[in-house]
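The values are calculated or read from the model by the stated rules, or taken from the named source; none is laboratory data. Note that this is a predicted model, so its numbers are computed, not measured. A quick note on method: Cβ atoms are made from the backbone with ideal geometry, for glycine too, and the neighbour counts reach across all protein chains shown.
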Amino acid sequence: MSRDDLVTTNEKIVGSVTQEVVAASPDAVIVVVSNPLDAMCHVAHRVAGFPKPRVFGMAGILDTARFRTFIAWETGASVKDVTAMVLGGHGDQMVPVVSATSVGGVPLTKLVAQARIEAMVERTRKGGGEIVNLLGTSAWYAPGAAAAQIVDAIALDEKRVLPCTALLEGEYGIDDLYMGVPVKLGAGGIEEIVELDLSDQEQAWLQESADAVREVVGVLAA
Ligand code: LAC
């Protein structure tokens with residue numbers, strides 16, 4: 001099944017689980033990890049009735065980990081020294097922000113040929129499917145490790161800036177849609193949405209990703 005095929009099945013599950021969460025823990029911060037992730041954030045936010053800083057999704061940290069790993073392999077650097085951010089929907093239109101990517105402070109575009117950068121961007125976009133073909137099931141370790149980073153940032157009030165799926169209300173020129181963007185995370189959940197200076201091409205790709213997410217959100221029953 002594609003992530004989008006899961007919409008109607010998971011809409012019911014995420015809705016019922018969210019009702020249980022709200023009943024048991026009305027002050028919780030809800031981090032959604034179910035696919036199609038962006039649409040399921042809309043479900044959780046609607047059902048929970050919590051303010052938007054306390055309902056968001058985990059996807060960009062996973063996608064960014066993949067992009068950083070491919071860059072580390074390509075350049076022979078440690079993944080710890082690769083700075084990157086993947087924005088947009090958690091799907092084939094996600095946007096690795098090449099203009100904000102560096103290795104040890106050196107811009108990626110100075111280290112790797114454009115064709116290879118494009119290949120790593122494409123592999124990142126298809127990373128979920130690559131794992132399914134290898135494992136016969138969707139990824140679980142990396143998503144768990146990514147979710148753990150979010151839990152630490154909240155539980156320890158770390159003020160981390162991480163890519164998460166947040167409800168945009170005008171940021172990046174996108175309104176009323178959950179999309180992956182850099183956010184500052186603390187004890188109350190999302191404290192700030194960070195707006196990067198995207199290239200015109202990156203902004204156009206982000207809008208295309210938003211259009212794809214909106215199409216899936218449009219399938220939701222409610
Ligand atoms: C992935 C699935 C979990 O990207 O969405 O691996």
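Report yes if Ala153 is more than 16 Å from the ligand (Cβ to nearest atom), part of a helix (DSSP H, G or I) and in contact with a strand residue (DSSP E or B) (Cβ under 8 Å, 6 or more places away or on another chain), otherwise no.
On the way: more than 16 Å from the ligand (Cβ to nearest atom): yes; part of a helix (DSSP H, G or I): yes; in contact with a strand residue (DSSP E or B) (Cβ under 8 Å, 6 or more places away or on another chain): yes.
When the stated conditions are applied, Ala153 passes them.
If you scan region 67-83, which residues turn out to be touching a strand residue (DSSP E or B) at 6+ places or on another chain (Cβ under 8 Å) and surrounded by 21 or more Cβ atoms within 10 Å (Cβ to Cβ)?
Listed by number, the residues that qualify are Phe67, Arg68, Ile71, Val82.
Quickly run through region 156-195 and pick out the residues that are in a strand (DSSP E or B) and at positive phi.
The answer is Asp176, Gly189.
Taking Gln201 as meeting all but one of (1) touching a Cys at 6+ places or on another chain (Cβ under 7 Å); (2) in a helix (DSSP H, G or I), write down the number of the exception.
Gln201 satisfies every listed condition except (1).
For region 133-177, enumerate the residues that are of a type in the set (S, T, N, Q) and surrounded by 12 or more Cβ atoms within 10 Å (Cβ to Cβ).
Ser138, Gln149, Thr165
Could you tell me which residue of region 36-70 is farthest from Gly218 (Cα to Cα), considering only residues that are within 12 Å of the ligand (Cβ to nearest atom) and touching an Asp or Glu at 6+ places or on another chain (Cβ under 8 Å)?
Among residues in region 36-70 that are within 12 Å of the ligand (Cβ to nearest atom) and touching an Asp or Glu at 6+ places or on another chain (Cβ under 8 Å), the one farthest from Gly218 (Cα to Cα) is Ala59.
Name, by its number, the condition in (1) within 21 Å of Pro96 (Cβ to Cβ); (2) of a type outside the set (S, T, N, Q); (3) surrounded by fewer than 15 Cβ atoms within 10 Å (Cβ to Cβ) that does not hold for Val213.
With respect to (1) within 21 Å of Pro96 (Cβ to Cβ); (2) of a type outside the set (S, T, N, Q); (3) surrounded by fewer than 15 Cβ atoms within 10 Å (Cβ to Cβ), Val213 is out only on (3).
Might you check whether a residue that is part of a helix (DSSP H, G or I) and within 16 Å of the ligand (Cβ to nearest atom) occurs anywhere in region 14-31?
Just the residues of region 14-31 that are part of a helix (DSSP H, G or I), to begin with: 14-24.
Narrowing the set further to residues that are within 16 Å of the ligand (Cβ to nearest atom) leaves 14.
For region 14-31, residues part of a helix (DSSP H, G or I) and within 16 Å of the ligand (Cβ to nearest atom): present.
When you check Glu118 against the structure, is it farther than 29 Å from Lys12 by Cα and touching a helix residue (DSSP H, G or I) at 6+ places or on another chain (Cβ under 7 Å), yes or no?
no
A quick yes/no check of all residues on (1) closer than 15 Å to Trp205 by Cβ; (2) of a type outside the set (Val, Ile, Thr); (3) not assigned by TED's automatic domain parsing to the domain that holds Gln201:
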| site | (1), (2), (3) |
| --- | --- |
| Val97 | yes, no, no |
| Thr101 | yes, no, no |
| Val106 | no, no, no |
| Val112 | no, no, no |
| Gly129 | no, yes, no |
| Leu134 | no, yes, no |
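Counting only residues that are among the hydroxyl-bearing types (Ser, Thr, Tyr) and more than 20 Å from Ser209 (Cα to Cα), which one in region 96-132 is surrounded by the most Cβ atoms within 10 Å (Cβ to Cβ)?
Within region 96-132, the match that is surrounded by the most Cβ atoms within 10 Å (Cβ to Cβ) is Ser102.
When you scan region 106-115, do you find a residue that is within 16 Å of the ligand (Cβ to nearest atom) and in a strand (DSSP E or B), even just one?
no
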